[in-house]
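Participant: The structure under discussion is supplied below as structure tokens; questions concerning it will follow.
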Amino acid sequence: MLPEVASWLRRRSWTAAQRPVRALLDAKRVAGPAGTVSVVLPALDEEATVGGIVSVIRRELMERLPLVDELVVVDSGSEDRTARFAAEAGARVVHRDDILPRLPAVPGKGEVLWRSLLATSGAIVCFVDADLREFDPAFVTGIVGPLLTDPGIQLVKAMYDRPLETGGAIVPAGGGRVTELVARPLLNLHWPQLAGFVQPLGGEYAARRSLLERLPFPTGYGVELGLLVDALELVGLDALAQVDVGVRHHRHQDGQALGRMAATIYRTALERLDRSHRLKAADDLARPVLTQFSRDSTDGGFTGHSHPVPALDRPPMADIPEYRKP
């Protein structure tokens with residue numbers, strides 16, 4: 001792991017409990033208009049979960065404690081009762097196609113997140129996926145906290161355990177397959193400064209509007225990787241942070257859907273590498289490494305483990321003199 005990343009992990013990684021909600025309310029009052037918070041849920045056919053998430057945020061973070069100023073569900077064409085359940089639970093529901101109607105919408109999560117900037121007004125925008133189960137308010141308070149208390153922070157990602165729950169079985173660290181197989185290797189090899197992010201593709205993150213409005217948004221599932229890479233280039237590593245919010249329970253995709261996601265993420269990375277003329281592995285890596293994370297049974301935090309990534313090519317055997325000897 002790069003020394004810069006190790007230092008960043010110590011200084012820019014926290015737990016949600018380190019910033020109690022009452023302290024966040026005090027910081028919000030001091031911040032004034034700069035402390036207004038909009039929460040956005042992009043949703044497509046999520047009637048099973050969206051109402052529960054909205055209910056928790058409204059009850060705990062708007063009515064009991066006035067931390068969130070605006071709660072918006074952006075429906076990207078649901079055919080089920082997503083919009084109805086979200087509205088009944090207390091969200092303002094906006095249809096994707098009603099935002100910037102002069103520009104025809106294209107399918108994709110990133111398209112919804114991009115358009116949501118036109119449908120919200122908070123100085124801090126917090127994105128939360130609409131398929132979460134057993135939703136905890138810490139998914140919001142944790143990632144909003146650093147933005148309210150530290151003016152140098154621009155974007156905060158949630159980190160968490162992501163168990164794979166399928167067929168009645170639970171694999172404790174089995175979730176995040178596209179993260180581990182595609183996104184993490186790409187970031188480690190090409191943007192090693194971002195190797196410290198535990199959940200780079202996680203859908204729960206918050207950022208200052210002043211940053212988001214200056215970033216291009218990939219329209220598909222590459223949006224999280226694209227925003228992270230572009231934010232690094234625009235504001236630098238020290239303006240980025242992550243917060244441990246516990247465990248994320250959500251619906252898992254099948255293998256073919258994951259393949260489509262992986263392809264989109266790979267293409268998003270390639271476009272940024274081409275744009276910056278960096279199609280080779282990052283020059284600041286003396287030897288390519290891959291940093292992966294696991295829970296530490298001693299202190300409960302995440303521990304990084306770095307492994308070398310072999311890249312040596314042997315020449316064609318026909319070029320070896322010993323092979324050509326009669």
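The values are calculated or read from the model by the stated rules, or taken from the named source; none is laboratory data. In this text the structure is predicted, and so the values were computed from the model without any measurement. Ideal geometry is used to build each Cβ from the backbone, glycine not excepted, and the neighbour counts take in all protein chains shown.
Participant: Just give me the residues in segment 44-68 being of a type in the set (Gly, Ala, Ser) and surrounded by fewer than 18 Cβ atoms within 10 Å (Cβ to Cβ), in sequence order.
Facilitator: If the condition is that a residue be of a type in the set (Gly, Ala, Ser) and surrounded by fewer than 18 Cβ atoms within 10 Å (Cβ to Cβ), then ALA48, GLY52, SER55 are the ones that fit.
Participant: In this structure, is ALA34 buried (at least 23 other Cβ atoms within 10 Å of the Cβ), at negative phi and of a type outside the set (Ser, Thr, Tyr)?
Facilitator: no
Participant: Right, another one. Is it the case that segment 281-295 has a residue that's surrounded by fewer than 10 Cβ atoms within 10 Å (Cβ to Cβ) and at pLDDT 85 or above?
Facilitator: no
Participant: Something else about it: Which residue out of SER276, SER297 is more than 30 Å from THR120 (Cα to Cα) and free of Cβ contacts under 8 Å to residues at least 40 places away in the same chain?
Facilitator: SER297
Participant: Can you name the strands (runs of 3 or more DSSP E) wholly within segment 1-115 that have at least 3 residues being under 19 Å from the mean Cα position of the chain (by Cα)?
Facilitator: Fully inside segment 1-115 and qualifying: 13-15, 37-43, 70-75.
Participant: Let me ask something additional. If only one of PRO3, PRO42, PRO66 is closer than 30 Å to ALA195 by Cα and at pLDDT 95 or above, which one is it?
Facilitator: Step by step, each of PRO3, PRO42, PRO66 is checked, and only PRO42 is closer than 30 Å to ALA195 by Cα and at pLDDT 95 or above.
Participant: It is to be established whether one or more residues within segment 174-188 are closer than 20 Å to ILE57 by Cα and either modelled with pLDDT under 95 or part of a helix (DSSP H, G or I) (or both).
Facilitator: no
Participant: Within the set of pairs 6+ apart or on separate chains, which have a first residue in segment 16-27 that is more than 14 Å from ALA138 (Cβ to Cβ), a second that is of a type in the set (Gly, Ala, Ser), and C-beta atoms under 7 Å apart?
Facilitator: Going by the 7 Å Cβ cut-off, the qualifying pairs are ALA27/GLY35.
Participant: Among the numbered criteria (1) buried (at least 23 other Cβ atoms within 10 Å of the Cβ); (2) more than 29 Å from THR268 (Cβ to Cβ), which single criterion is violated by LEU71?
Facilitator: With respect to (1) buried (at least 23 other Cβ atoms within 10 Å of the Cβ); (2) more than 29 Å from THR268 (Cβ to Cβ), LEU71 is out only on (2).
Participant: Quickly run through segment 135-149 and pick out the residues that are touching a strand residue (DSSP E or B) at 6+ places or on another chain (Cβ under 8 Å) and either on the phi > 0 side of the Ramachandran plot or not in a helix (DSSP H, G or I) (or both).
Facilitator: Matches in segment 135-149: ASP136 only.
Participant: Could you go through segment 256-268 and let me know if any residue there is closer than 23 Å to VAL5 by Cβ and either without any contact (Cβ under 8 Å) to a residue 12 or more places away in the chain or not hydroxyl-bearing (Ser, Thr, Tyr) (or both).
Facilitator: Checked against the condition, which is being closer than 23 Å to VAL5 by Cβ and either without any contact (Cβ under 8 Å) to a residue 12 or more places away in the chain or not hydroxyl-bearing (Ser, Thr, Tyr) (or both), segment 256-268 yields at least one hit.
Participant: To continue, here is another question. I'm trying to understand the selection: among the residues of segment 242-265, which are buried (at least 16 other Cβ atoms within 10 Å of the Cβ) and at pLDDT 85 or above?
Facilitator: Of everything in segment 242-265, those that are buried (at least 16 other Cβ atoms within 10 Å of the Cβ) and at pLDDT 85 or above turn out to be GLN242, VAL243, ASP244, VAL245, GLY246, ARG248, MET261, ALA262, THR264, ILE265.
Participant: Quick one: how many residues across segment 174-220 are surrounded by fewer than 22 Cβ atoms within 10 Å (Cβ to Cβ) and out of contact with any Leu (no Cβ under 8 Å at 6 or more places or on another chain)?
Facilitator: The number of residues fulfilling the criteria is 7.
Participant: Looking at segment 117-127, can you tell me whether even one residue there is in a helix (DSSP H, G or I) and buried (at least 22 other Cβ atoms within 10 Å of the Cβ)?
Facilitator: So far as segment 117-127 goes, no, none of its residues is in a helix (DSSP H, G or I) and buried (at least 22 other Cβ atoms within 10 Å of the Cβ).
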